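Below you'll find the structure, written out as structure tokens, and then a few comments.
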Amino acid sequence: MKLFKKTYWLIYPIIIVLFMLIFDQFYKTDSLPLKAGICAVLAFMISPRKKIIITQTGKKKQITWLFLKNPIFLD
């Protein structure tokens with residue numbers, strides 16, 4: 001989990017590249033902006049979300065992701 005806390009922001013670009021490679025295999029299009037736009041939207045829907053939660057002790061940053069059962073607190 002410590003590695004995920006430090007590198008959660010890298011997941012979004014990695015997912016975009018992964019979707020671009022998958023998209024190239026299934027659909028042969030010459031339009032790079034269209035392909036990049038579709039992959040960016042899909043990556044945004046799957047990527048982790050960072051929220052700021054206000055508690056009694058103060059503000060805490062929370063990361064939630066589709067593939068995690070429990071949220072991760074950064075602070």
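Hey, can you tell me all the residues within the stretch 43-65 that are of a type outside the set (Phe, Trp, Tyr), closer than 19 Å to residue 17 by Cα, touching a residue at least 24 places away in the same chain (Cβ under 8 Å) and outside any loop (DSSP other than H, G, I, E, B)?
The answer is 43, 46.
Name the single residue, out of those in the stretch 23-64 being of a type in the set (Val, Ile, Thr) and more than 20 Å from the chain's Cα centre (by Cα), that is modelled with the highest pLDDT. I'd like the intermediate steps shown before the answer.
Narrowing the stretch 23-64 to residues of a type in the set (Val, Ile, Thr): 29, 38, 41, 46, 52-55, 57, 63-64.
Within this subset, residues satisfying the condition of being more than 20 Å from the chain's Cα centre (by Cα) are 29, 54-55, 57.
Details: 29: 78, 54: 91, 55: 88, 57: 88.
Here the answer is 54.
Out of 34, 68, report the one residue that is part of a loop (DSSP other than H, G, I, E, B), surrounded by 10 or more Cβ atoms within 10 Å (Cβ to Cβ) and aliphatic (A, V, I, L, M). Explain how you work it out, then say what you get.
Working: 34 fails: part of a loop (DSSP other than H, G, I, E, B).
None of the other options fit; the residue is 68.
Search the stretch 37-59 for residues being touching a strand residue (DSSP E or B) at 6+ places or on another chain (Cβ under 6 Å) and open to solvent by less than 70 Å² (accessible area, probe 1.4 Å), and hand back the single one that is farthest from residue 9 (Cα to Cα).
The first filter runs over the stretch 37-59 and keeps only residues touching a strand residue (DSSP E or B) at 6+ places or on another chain (Cβ under 6 Å), leaving 48-53, 59.
Still in the running and open to solvent by less than 70 Å² (accessible area, probe 1.4 Å): 48, 53.
Numbers: 48: 8, 53: 19 Å.
Top of the filtered list is 53.
The values are calculated or read from the model by the stated rules, or taken from the named source; none is laboratory data. In this text the structure is predicted, and so the values were computed from the model without any measurement. In this analysis, Cβ positions are derived from the backbone assuming ideal geometry, glycine residues included, and neighbour counts consider all displayed protein chains. Please note that ligands, DNA and RNA were not included when accessible areas were found on the heavy atoms of the full protein model with its side chains. Shrake-Rupley method; radii C 1.70, N 1.55, O 1.52, S 1.80 Å.
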